[in-house]
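Down below is the structure, laid out as structure tokens.
The values are calculated or read from the model by the stated rules, or taken from the named source; none is laboratory data. Just so it is clear, the structure is predicted and the values come from calculations on it, not from any experiment. Note that each Cβ is placed from the backbone with ideal geometry, even for glycine, and that neighbours are counted across all protein chains shown. Please note that ligands, DNA and RNA were not included when accessible areas were found on the heavy atoms of the full protein model with its side chains. Shrake-Rupley method; radii C 1.70, N 1.55, O 1.52, S 1.80 Å.
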Amino acid sequence: MEKSAVKRSVAIVEKCIMGAVGLEHLFSSPALNMYQPRIFNDIESFNASLKTEPYYALIYSLSDGREERRNCLNCLKTLATTHSHIQRIVLASGAKEASLINHLSPSHLHGIVLKSQSLSELRENISRLLGETRRTNESIHHHWNLHRGRLLSPTERAILQFLSSGYSISEIAARLDRNIKTIRAHKFNAMVKLGVHSDMGLLDAADILSHFPMPDRRNPMPFMPYHS
């Protein structure tokens with residue numbers, strides 16, 4: 001009698017109980033039944049389990065909170081260094097959050113999926129991402145070339161970091177030795193690239209940048225498209 005295939009273990013960080021139940025149900029579908037989900041309600045529990053459990057992927061579910069977003073990116077950055085073979089996928093609560101994660105993640109992500117999708121779309125996109133391990137590394141250069149025009153420039157990043165530190169537009173202009181109109185134009189361009197429409201949304205992005213160093217301009221981070 002043929003032995004059944006061993007299921008691949010997928011860690012899921014989901015703090016909402018209802019969300020955890022929904023994701024467990026999602027993985028019971030035929031499209032995802034080759035994976036065994038393990039739900040964690042905090043990152044500390046997941047990190048402890050890494051010592052004994054060989055994970056195929058980590059799916060981090062976000063709730064559009066600034067602190068949680070930083071925790072997620074810190075976790076994924078560390079995982080990329082210590083367990084680079086583990087896929088790193090983010091479930092974002094909305095397009096704004098997905099855009100911020102897309103542009104500002106300090107480490108390469110395998111993908112970002114929106115929770116607002118229908119159940120069938122969510123299942124299809126997660127299934128596709130989990131099955132893309134071999135193709136991801138091969139296509140990373142293509143993704144970077146395709147979307148490089150949407151990345152923040154060094155000046156735009158500097159402006160966001162100054163904003164996060166409480167500087168006004170006029171103070172930033174003086175610091176960067178630019179006129180105020182130029183700084184405002186760079187600020188507007190950053191908002192367009194990040195998909196935010198308010199100063200608060202821009203501060204969310206600046207908040208992330210304040211926790212991570214700028215990437216090396218000679219080796220910029222690739223942009224990984226998210227599924228809308």
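Collect the residues in segment 75-94 that are buried (at least 21 other Cβ atoms within 10 Å of the Cβ) and of a type in the set (Lys, Arg), keeping them in residue-number order.
Arg88
Does Ser120 satisfy the criteria of being part of a loop (DSSP other than H, G, I, E, B) and polar (S, T, N, Q)?
Taking the combined requirement at face value, the residue does not satisfy it.
Just need a number here: residues in segment 37-85 that are touching a residue at least 60 places away in the same chain (Cβ under 8 Å), touching a strand residue (DSSP E or B) at 6+ places or on another chain (Cβ under 8 Å) and closer than 22 Å to Ile208 by Cβ.
Looking only at that region, the number is 2.
Being out of contact with any His (no Cβ under 8 Å at 6 or more places or on another chain), of a type in the set (Asp, Glu), touching a residue at least 24 places away in the same chain (Cβ under 8 Å) and within 27 Å of Ile17 (Cβ to Cβ) narrows it down to one residue among Glu97, Glu121; which is it?
Glu97
For segment 174-191, name all the residues that are within 16 Å of Ser153 (Cα to Cα) and either open to solvent by less than 80 Å² (accessible area, probe 1.4 Å) or not in a helix (DSSP H, G or I) (or both).
Result: Leu176, Arg178, Thr182, Ile183, Ala185, His186, Lys187, Asn189, Ala190, Met191.
Out of curiosity, is Ser105 buried (at least 17 other Cβ atoms within 10 Å of the Cβ), among the polar types (S, T, N, Q) and either within 30 Å of Ile12 (Cβ to Cβ) or at pLDDT below 85 (or both)?
The answer is yes for Ser105.
Quick check, is Ile169 at pLDDT 80 or above and more than 15 Å from Ile101 (Cα to Cα)?
Here the answer is yes, as Ile169 does meet what is asked.
Out of (1) open to solvent by less than 80 Å² (accessible area, probe 1.4 Å); (2) within 30 Å of Lys193 (Cβ to Cβ); (3) among the small types (Gly, Ala, Ser), the odd one out for Ser45 is which?
Exception for Ser45: condition (2).
Which numbered condition in (1) out of contact with any Ser or Thr (no Cβ under 8 Å at 6 or more places or on another chain); (2) among the aliphatic types (A, V, I, L, M); (3) at pLDDT 90 or above is the only one that Leu76 fails?
In the conditions (1) out of contact with any Ser or Thr (no Cβ under 8 Å at 6 or more places or on another chain); (2) among the aliphatic types (A, V, I, L, M); (3) at pLDDT 90 or above, Leu76 misses (1) alone.
Considering Glu97, Glu121, Glu53, Glu67, which residue is open to solvent by 30 Å² or more (accessible area, probe 1.4 Å) and at pLDDT below 90?
Just a single option satisfies the conditions, and that option is Glu67.
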